[in-house]
Amino acid sequence: MKVLAMTALAGAMTLAAWGAEAKSDLVVGLQLEPPHLDPTSAAAGAIDQVLYANVFEGLTRFGPDGSVNPGLAESWDISDDGRVYTFHLREGVQFHDGSALDAGDVVFTLDRARAEDSQNAQKALFAGIESVEALDDLKVRVTLAQPDGGFLFNMAWGDAVIVAPESIESIKQRPVGTGAFRFKDWVQGDRITLERNPGYWGEAARLDRATFKFISDPTAAFAAVMAEDVHAFPFYPAPENLPQFEADARFQVLVGSTEGETVLAMNNAAPPLDNPLVRRAVAHAIDRKAIMEGAMFGLGTPIGTHFAPHHPDYVDLTFLSDYDPELSRQLLAEAGLGDGFTTTLKLPPPSYARRGGEIVAAQLRNVGIETEITNLEWAQWLEEVFRGKDFGLTIVSHTEPMDIGIYARPDYYFQYDSAEFQALNAALSTETDPEKRSEILVAMQTRIAEDHVNGFLFQLAVPTVADARLRGLWVDAPTQATDLTGVYWEE
Amino acid sequence: MLRYGARRAMSLFVSLLVASLVIFLALEIVPGDPAAYMLGINAEPDTVAALRAELGLNRAAPLRYLDWIGGMLQGDFGISYTYRTPVAGMIAERLKVSLPLALYALALSTLIAFPAGIWAAQRRGSAVDVGVMGVTQLGVAIPNFWFAMLMVLVFAINLRWFSAGGFAGWDSGFLAAMKSLTLPAVALALPQASILTRVMRSALLDTLGEDYIRTARAKGLTRGQALRRHALRNAMIPVLTIIGLQFSFLLAGAIIIENVFFLPGLGRLVFQAISARDLIVVESVVMLLVFAVIVVNFAVDLAYAWVDPRLRGER
Amino acid sequence: MSRMGLIAGAVLTLLFSGAAVLSLVWVPHDIEAMHIAERMQPPGAAHLLGTDHFGRDILSMIMVGARTSIAVALVAVGIGMGLGVPLGLLAAARRGGWLDEIIMRGNDLIFAFPSLLIAVMITAVFGAGAVNAIIAIGIFNIPVFARLARGAALSLWTREFVLAARVAGKGRLRISAEHILPNLANLLIVQGTIQFSLGILAEAGLSYVGLGAQPPVPSWGRMLADSQTMISMAPHMALFPGLAILLAVLGLNLTGDGLRDWLDPRLRREAR
């Protein structure tokens, strides 16, 4: 042990000497601190933001463009009926505690996630699994109840990363994964430090050390970047500051896309918004451009349905809900609400919702719809709006990738109940032919846009502010992650 | 004295009991479920139920209350719902920021208020007095979070003398840590120093009117000498009382300033815990602060009664 | 000197209450309409104090915000006085009894709670909004007035006119209402002014952390919070609402101090 520590130290010293030429430390600013460090038992995106791809890896993984690539599984075979997946694990993969990755770990992970008492926040990802067996040390067979075209995609989520039974007890405080970085320490309320994993199976990380510093306040984030206390700030929280960074040669500003469809969600089950005419009136009353400009200072891409514009199957349906207050007033009159009506507008904390909400309220007032704004904490929003369905309107960004399926759940908080859409969704889940899938997806997008289920506002953009010399940062955010494995300082 | 002490101890006990009940009941009716918050919008209902069971949230409220109180009596504050670490440790961690910050602000406030108050009292009615009193009027009226914002703009963003916020941590060295507490301490100290200056001045002026000061003056001491030798000591009672009050206020009341400078202190811990519905943390921190204030008051009462027997009868 | 303070204070107080009243019928610009294209304009001829991040006129926002501040603080102090003074009188009338003990211990208990944290808890229970801000500030005003009333009443109970009333066979409560309360009026006006100014500061603090009046109702504290990330681009957005709070509170404090000296020379002391 002592000898090991000595060699490690010697190694660290030579690295340090080498590091004098090429900078190898990185401080990343993040707005939210993870509540704990187990990505498989909480919804908090902040956990993945620190650990995904850096510390933990799954069978498959997302690439920077959102594609699904091999992860810990080098390759896989799919049976002809699409129900049986046989994963071939990479050889020589070690967890950070020195234990080897084997098929047993995969079985443990998947069984734990789909167990009765599972605390996985995305349990639905595993719901289709019928059985998981280890065929030998490096071969795992997963059998699905029915074919699922999205299974490999599901396995790339942060909630599906592979964990080991040996380290599961303390995973919330000391995460042990297989990634290119290993966990070093966590000063709660302040920072988490990762260091390079010398025994990584793949190409070693180029940074020696990465520190995530948690700065929730946007003003403080601005000052920290300006003072170069942090070198990169993904999901930079104050878009109004971006022009200042762009004008400064010390920084680069990367603006990428996310999976976040930002919608003005409407309560489809409660009058008067249960009336499609009224929902259409709301849709035409809102001016997406002004909302994006006012709330996001121009960042984002307008959307006309609940689908990411960078996805190949996206169709631009914004024309179905063009800004047209005159038409909106007519529609209201047609619905028997010529004098307008009053409803609630409940807003969660992010600034797109709070600022966007104030603008939406002003625009709705313009056609005669009065809104009572209530600002809610997330916990209250979940209780009142999401679970209690006690709302008229709300603004929220749905950041899960490929989540149009939520419109097939009549008990989902906006309570859209369309047999036609539900049939489309059922057809999609068993369809594996890419062309037919594409057709169905277009039909689904069109259905909800024509029904004006929600006011579709814009696709959330992700601005990253970084030191101008940094390379290899993700621009887009296909999932919540800060993948540092390919990040390096340009000399 | 013993009987008085016993009666006060009894009422101390009842106060703490009532306070703990009020805190617990208030948080019982807070809408929002920590388990649902943790698991987010895609969670299945049975997953939420499983987490609730693990957190012990499905037990009856009276049982949870007794657990909480019983644990606290043994120094065990429970396990945080969100962080899953002992609450006592989290509080200790935050106190490393809040306590030095409160002391720093108090020290600044005292260092400003003593000379300013004495100076103004010595030159009562002069331009100095008017000037000092005018400044304290401004100091009392200024919203300290606004003052803090302006300081960040000037000293952190424009001049870059200080970082805009955050806490460097004690392991980065005493000076670095103190530096990151400086702007917040100044923002906190300004209104407190103004209040203390006014108290100091008027306490001195009051004692200056007393007979023994007149005697001292008659014996040939100048106004300044009489003030320094005699009045100052007697003016300390109200001044120290105010300082005591200010300390407990600073410990809990820094919440807004902690937000401006994103310091990981006690106030922000409570703020974050409330939004995450980590109620066990909220309960314990608030109870701890209330406990501190009640016990300090108790000690002060006893001390007064000891000094002045007349107070023992009633108050 | 104190006469000048009183005049300055009265002028500031009248200015802000005047602006609040005026805003009921007229403001320079409609604050509900948003003009994104005109956002963050520095002070100029079109907008005396500039515009905010939605292009709204800051002067108009401050005028309407004065209304929110004054309303919240006034009602909160009203609650504190309305409940605290009777409790204090009752305690004094039953001096040394169990009722006195309960009331005074209850006061101590409220004082022992960290006020801001309790305000945060109250809004967590009942939701953020002006009404709950009023309740949160009001609760902490109760013990202030209860203590003040009790202390002053105790000294009045030893006065001869009270003894005369007791000899005449009047009950304790009746004496409290008929003889004690009127003699407290000056004291209550002075303390009320001070608490009013503290209420304005508290309202600003609460709405700064997002717990006060909700949009679109403007409030000074929230204007400051909104301006925070833009402070280096548009400092005027942070400057003017802060100055408004400062001047309003200063005005009330000067008025309170001046009134104290003017109404009751015996109370002449600067301590607060």
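The values are calculated or read from the model by the stated rules, or taken from the named source; none is laboratory data. None of the values given here were measured: they were computed from a predicted structure. Every residue, glycine among them, receives a Cβ derived from its backbone with ideal geometry; neighbour counts consider all protein chains shown. Heavy atoms of the whole protein, side chains included, go into the accessibility calculation; ligands, DNA and RNA do not. Shrake-Rupley method; radii C 1.70, N 1.55, O 1.52, S 1.80 Å.
In this structure, does B:GLY117 turn out to be small (Gly, Ala, Ser), within 14 Å of chain C (Cβ to nearest Cβ) and not in a loop (DSSP other than H, G, I, E, B)?
Values: small (Gly, Ala, Ser): yes; within 14 Å of chain C (Cβ to nearest Cβ): yes; not in a loop (DSSP other than H, G, I, E, B): yes.
So B:GLY117 fits the description; yes.
Any idea which of B:ARG198, B:ARG217 is farther than 20 Å from B:VAL152 by Cα, under 26 Å from the mean Cα position of the chain (by Cα) and either open to solvent by 10 Å² or more (accessible area, probe 1.4 Å) or not small (Gly, Ala, Ser) (or both)? Talk me through it step by step, then tell me what you get.
Numbers: B:ARG217 fails: under 26 Å from the mean Cα position of the chain (by Cα).
Answer to the selection: B:ARG198.
Is it true that B:ARG59 is exposed (fewer than 13 other Cβ atoms within 10 Å of the Cβ) and in a helix (DSSP H, G or I)?
No; evaluated as a whole, the condition is false for this residue.
Kindly establish whether B:LEU245 is in contact (Cβ under 8 Å) with a residue 24 or more places away in the chain and either under 18 Å from the mean Cα position of the chain (by Cα) or assigned to a helix (DSSP H, G or I) (or both).
Details: in contact (Cβ under 8 Å) with a residue 24 or more places away in the chain: no; either under 18 Å from the mean Cα position of the chain (by Cα) or assigned to a helix (DSSP H, G or I) (or both): yes.
Criteria not met by B:LEU245.
Of the residues A:PHE56, A:PHE87, which is under 30 Å from A:THR399 (Cα atoms), in contact with a strand residue (DSSP E or B) (Cβ under 7 Å, 6 or more places away or on another chain) and surrounded by 17 or more Cβ atoms within 10 Å (Cβ to Cβ)? Give the steps one after another, and end with the answer.
Numbers: A:PHE56 fails: in contact with a strand residue (DSSP E or B) (Cβ under 7 Å, 6 or more places away or on another chain).
After ruling out the rest, the residue left standing is A:PHE87.
Residue by residue through the range B:233-252, note down the ones that are of a type outside the set (A, V, I, L, M, F, W, C) and buried (at least 23 other Cβ atoms within 10 Å of the Cβ). Walk me through it before giving the result.
First, the residues of the range B:233-252 that are of a type outside the set (A, V, I, L, M, F, W, C): B:233-234, B:238, B:241, B:244, B:246, B:248.
B:GLN246, the sole residue that qualifies.
Which one is farthest from the other protein chains (Cβ to nearest Cβ) among residues in the range B:39-82 that are under 23 Å from A:GLU116 (Cα atoms) and touching a residue at least 60 places away in the same chain (Cβ under 8 Å)? Explain how you work it out, then say what you get.
Restricting attention to the range B:39-82, the residues satisfying the condition of being under 23 Å from A:GLU116 (Cα atoms) are B:39-59, B:81-82.
Narrowing the set further to residues that are touching a residue at least 60 places away in the same chain (Cβ under 8 Å) leaves B:81-82.
Numbers: B:TYR81: 9, B:THR82: 4 Å.
Only one residue tops the list, namely B:TYR81.
Within the range A:241-284, can you find the residues that are among the hydrophobic types (A, V, I, L, M, F, W, C) and either open to solvent by 30 Å² or more (accessible area, probe 1.4 Å) or within 14 Å of chain C (Cβ to nearest Cβ) (or both)? Even if it seems obvious, please write down each step before you answer.
Start the filter on the range A:241-284 by keeping residues that are among the hydrophobic types (A, V, I, L, M, F, W, C), which leaves A:242, A:245, A:247, A:249, A:251, A:253-255, A:263-266, A:269-270, A:273, A:277-278, A:281-283.
Once the filter is applied, which keeps residues that are among the hydrophobic types (A, V, I, L, M, F, W, C) and either open to solvent by 30 Å² or more (accessible area, probe 1.4 Å) or within 14 Å of chain C (Cβ to nearest Cβ) (or both), the range A:241-284 yields A:LEU242, A:PHE245, A:ALA247, A:ALA249, A:VAL253, A:LEU254, A:VAL255, A:ALA269, A:ALA270, A:LEU277.
For the structure I just gave you, tell me whether A:TYR412 is open to solvent by 40 Å² or more (accessible area, probe 1.4 Å) and in a loop (DSSP other than H, G, I, E, B). Before the answer, list the steps.
Values: open to solvent by 40 Å² or more (accessible area, probe 1.4 Å): no; in a loop (DSSP other than H, G, I, E, B): yes.
For A:TYR412, the condition - open to solvent by 40 Å² or more (accessible area, probe 1.4 Å) and in a loop (DSSP other than H, G, I, E, B) - is not met.
Of all strands (runs of 3 or more DSSP E) completely enclosed by the range A:106-221, which ones contain at least 2 residues that are within 14 Å of another protein chain (Cβ to nearest Cβ) and in contact (Cβ under 8 Å) with a residue 40 or more places away in the chain?
Numbers: elements: A:129-136, A:139-144, A:181-187, A:191-196, A:209-214.
The strands (runs of 3 or more DSSP E) meeting that bar are A:209-214.
Identify the single condition in (1) modelled with pLDDT of 75 or more; (2) in contact with a helix residue (DSSP H, G or I) (Cβ under 7 Å, 6 or more places away or on another chain) that B:PRO238 does not satisfy, given that it satisfies every other one.
For B:PRO238, the exception is condition (1).
Return yes or no: is A:GLY58 touching a Phe, Trp or Tyr at 6+ places or on another chain (Cβ under 9 Å), more than 21 Å from A:LYS172 (Cα to Cα) and outside any strand (DSSP E or B)? Reasoning before the result, please.
Numbers: touching a Phe, Trp or Tyr at 6+ places or on another chain (Cβ under 9 Å): yes; more than 21 Å from A:LYS172 (Cα to Cα): no; outside any strand (DSSP E or B): yes.
Criteria not met by A:GLY58.
Here's the yes/no breakdown for (1) crowded, with 20+ Cβ neighbours inside 10 Å; (2) over 26 Å from B:GLN246 (Cβ atoms); (3) modelled with pLDDT of 90 or more:
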site: C:PRO114; (1), (2), (3): yes, no, no
site: C:GLY138; (1), (2), (3): yes, no, yes
site: C:LEU148; (1), (2), (3): yes, no, yes
site: C:ARG174; (1), (2), (3): no, yes, no
site: C:ALA177; (1), (2), (3): no, yes, no
site: C:VAL209; (1), (2), (3): yes, no, no
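So B:PHE167 ticks every box in (1) in a helix (DSSP H, G or I); (2) open to solvent by 10 Å² or more (accessible area, probe 1.4 Å) but one. Which box is left unticked?
(1)
Out of A:PHE307, A:PHE297, report the one residue that is closer than 25 Å to C:GLU38 by Cα and touching a residue at least 24 places away in the same chain (Cβ under 8 Å).
A:PHE297
Of everything in the range A:456-478, what is buried (at least 24 other Cβ atoms within 10 Å of the Cβ) and either among the β-branched types (Val, Ile, Thr) or more than 15 Å from the chain's Cα centre (by Cα) (or both)? Give them in sequence order.
Residues satisfying the conditions are A:PHE456, A:LEU457, A:PHE458, A:VAL465, A:ALA466.
Looking at B:TYR65, B:TYR83, which one is open to solvent by 20 Å² or more (accessible area, probe 1.4 Å), outside any helix (DSSP H, G or I) and out of contact with any Cys (no Cβ under 8 Å at 6 or more places or on another chain)? Walk me through how you get there before you give the answer.
Details: B:TYR65 fails: outside any helix (DSSP H, G or I).
After applying the criteria, what remains is B:TYR83.
Taking the condition open to solvent by less than 70 Å² (accessible area, probe 1.4 Å), out of contact with any Phe, Trp or Tyr (no Cβ under 9 Å at 6 or more places or on another chain) and assigned by TED's automatic domain parsing to the domain that holds B:GLY267, does B:TYR104 pass? It would help to see each step written out before you state the result.
Values: open to solvent by less than 70 Å² (accessible area, probe 1.4 Å): yes; out of contact with any Phe, Trp or Tyr (no Cβ under 9 Å at 6 or more places or on another chain): yes; assigned by TED's automatic domain parsing to the domain that holds B:GLY267: yes.
So B:TYR104 fits the description; yes.
Out of (1) more than 7 Å from chain B (Cβ to nearest Cβ); (2) closer than 18 Å to C:ALA202 by Cα; (3) open to solvent by 10 Å² or more (accessible area, probe 1.4 Å), the odd one out for C:LEU246 is which?
C:LEU246 satisfies all of (1) more than 7 Å from chain B (Cβ to nearest Cβ); (2) closer than 18 Å to C:ALA202 by Cα; (3) open to solvent by 10 Å² or more (accessible area, probe 1.4 Å) except (1).
Residue under question is B:ALA177, and the condition is that it be open to solvent by less than 40 Å² (accessible area, probe 1.4 Å), modelled with pLDDT of 90 or more, among the small types (Gly, Ala, Ser) and out of contact with any Lys or Arg (no Cβ under 7 Å at 6 or more places or on another chain); does it hold?
Values: open to solvent by less than 40 Å² (accessible area, probe 1.4 Å): yes; modelled with pLDDT of 90 or more: no; among the small types (Gly, Ala, Ser): yes; out of contact with any Lys or Arg (no Cβ under 7 Å at 6 or more places or on another chain): yes.
No; evaluated as a whole, the condition is false for this residue.
Find the helices (runs of 4 or more DSSP H) located wholly in the range A:271-334 whose residues include 2 or more that are within 25 Å of C:ASP226 (Cβ to Cβ), and list them.
Details: elements: A:276-285, A:288-296, A:325-334.
Of the helices (runs of 4 or more DSSP H) lying wholly inside the range A:271-334, those with at least 2 residues that are within 25 Å of C:ASP226 (Cβ to Cβ) span A:288-296.
Hey, among the residues in the range B:120-147 that are open to solvent by 20 Å² or more (accessible area, probe 1.4 Å), in a helix (DSSP H, G or I) and among the β-branched types (Val, Ile, Thr), which one's nearest to the other protein chains (Cβ to nearest Cβ)?
B:VAL130
For B:ARG3, state whether it is out of contact with any Ser or Thr (no Cβ under 6 Å at 6 or more places or on another chain), under 26 Å from C:ALA128 (Cβ atoms) and part of a helix (DSSP H, G or I). Working first, answer last.
On the way: out of contact with any Ser or Thr (no Cβ under 6 Å at 6 or more places or on another chain): yes; under 26 Å from C:ALA128 (Cβ atoms): no; part of a helix (DSSP H, G or I): yes.
No: the conditions fail for B:ARG3.
Could you grab the pairs with beta carbons closer than 7 Å, sequence gap of 6+ or different chains, first residue in the range C:116-140 and at the interface with chain B (Cβ under 8 Å from one of its Cβ atoms), second one outside any helix (DSSP H, G or I)?
Cβ pairs passing all conditions: C:VAL120/C:LEU211; C:ALA124/B:VAL30; C:VAL125/B:ILE29; C:VAL125/B:VAL30.
Among the residues of the range B:148-160, is there at least one that is within 14 Å of chain A (Cβ to nearest Cβ), among the charged types (D, E, K, R) and open to solvent by 60 Å² or more (accessible area, probe 1.4 Å)? Spell out the reasoning first.
Going through the range B:148-160, the residues within 14 Å of chain A (Cβ to nearest Cβ) turn out to be B:148-160.
From what is left, the residues that are among the charged types (D, E, K, R) are B:160.
Still in the list and also open to solvent by 60 Å² or more (accessible area, probe 1.4 Å): B:160.
Yes; the residues of the range B:148-160 include at least one that is within 14 Å of chain A (Cβ to nearest Cβ), among the charged types (D, E, K, R) and open to solvent by 60 Å² or more (accessible area, probe 1.4 Å).
Can you pull out every residue in the range A:68-97 that is touching a residue at least 40 places away in the same chain (Cβ under 8 Å) and assigned to a loop (DSSP other than H, G, I, E, B)?
A:GLY71, A:LEU72, A:ASP81, A:GLY82, A:ARG83, A:ARG90, A:GLU91, A:GLY92, A:VAL93, A:PHE95, A:HIS96, A:ASP97
Tell me the residue from A:LEU364, A:LEU347, A:LEU320 that is closer than 26 Å to C:ALA37 by Cα and surrounded by fewer than 19 Cβ atoms within 10 Å (Cβ to Cβ), please. Let's see the steps before the verdict.
Numbers: A:LEU364 fails: surrounded by fewer than 19 Cβ atoms within 10 Å (Cβ to Cβ); A:LEU347 fails: surrounded by fewer than 19 Cβ atoms within 10 Å (Cβ to Cβ).
Being closer than 26 Å to C:ALA37 by Cα and surrounded by fewer than 19 Cβ atoms within 10 Å (Cβ to Cβ) holds for just one of A:LEU364, A:LEU347, A:LEU320, which is A:LEU320.
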